[in-house]
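The values are calculated or read from the model by the stated rules, or taken from the named source; none is laboratory data. Here the structure is a predicted model, which means the values were calculated and not measured. Here the Cβ positions follow ideal geometry from the backbone for every residue, glycine too, while neighbour counts run over all protein chains shown.
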């Protein structure tokens, strides 16, 4: 019996960051990617839905905070766990993420073990 893979939507305007995250996740994960907030919203609202969204904060046009606001306002995507990924993970940023509904804020560079632990916690809640 094969288990279904955990679908992770990685949203970052820098493709290298998406590749780095793909590289540290084991084969039990399926990674979908978006390089813009607008694209992320489209991918998140179509089946199969992501099990968790890793969302960069600093992006042009639509930042991660606005993407999160729209995800949480949409009945189709509001239950998908969001983990912010940012180079600025000070307390104010972490608090802002929590207020918008994110489960956690992870700093860059990403620690692979912490990333996997946070994803597991998000999908098992």
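In the set (1) part of a loop (DSSP other than H, G, I, E, B); (2) touching a helix residue (DSSP H, G or I) at 6+ places or on another chain (Cβ under 7 Å); (3) farther than 19 Å from residue 115 by Cβ, residue 70 fails one condition alone, (1).
On the stretch given as segment 15-36, residues that are out of contact with any strand residue (DSSP E or B) (no Cβ under 7 Å at 6 or more places or on another chain), free of Cβ contacts under 8 Å to residues at least 40 places away in the same chain and within 15 Å of residue 85 (Cα to Cα) total 5. Of all residues in segment 88-102, none are surrounded by fewer than 21 Cβ atoms within 10 Å (Cβ to Cβ), in contact with a helix residue (DSSP H, G or I) (Cβ under 7 Å, 6 or more places away or on another chain) and in a strand (DSSP E or B).
The residues of segment 1-13 that are modelled with pLDDT of 95 or more and part of a loop (DSSP other than H, G, I, E, B), listed by number, are 12, 13.
Cβ-Cβ contacts under 7 Å between residues 6 or more apart (or on different chains), taken from a first residue in segment 39-51 that is modelled with pLDDT of 95 or more to a second residue that is part of a loop (DSSP other than H, G, I, E, B) and surrounded by 15 or more Cβ atoms within 10 Å (Cβ to Cβ), are listed as 44/50; 44/77; 44/80; 45/77; 49/80; 50/80.
If you go through segment 77-87 and pick out every residue that is within 18 Å of residue 125 (Cβ to Cβ) and either touching a strand residue (DSSP E or B) at 6+ places or on another chain (Cβ under 9 Å) or surrounded by 15 or more Cβ atoms within 10 Å (Cβ to Cβ) (or both), you end up with 6.
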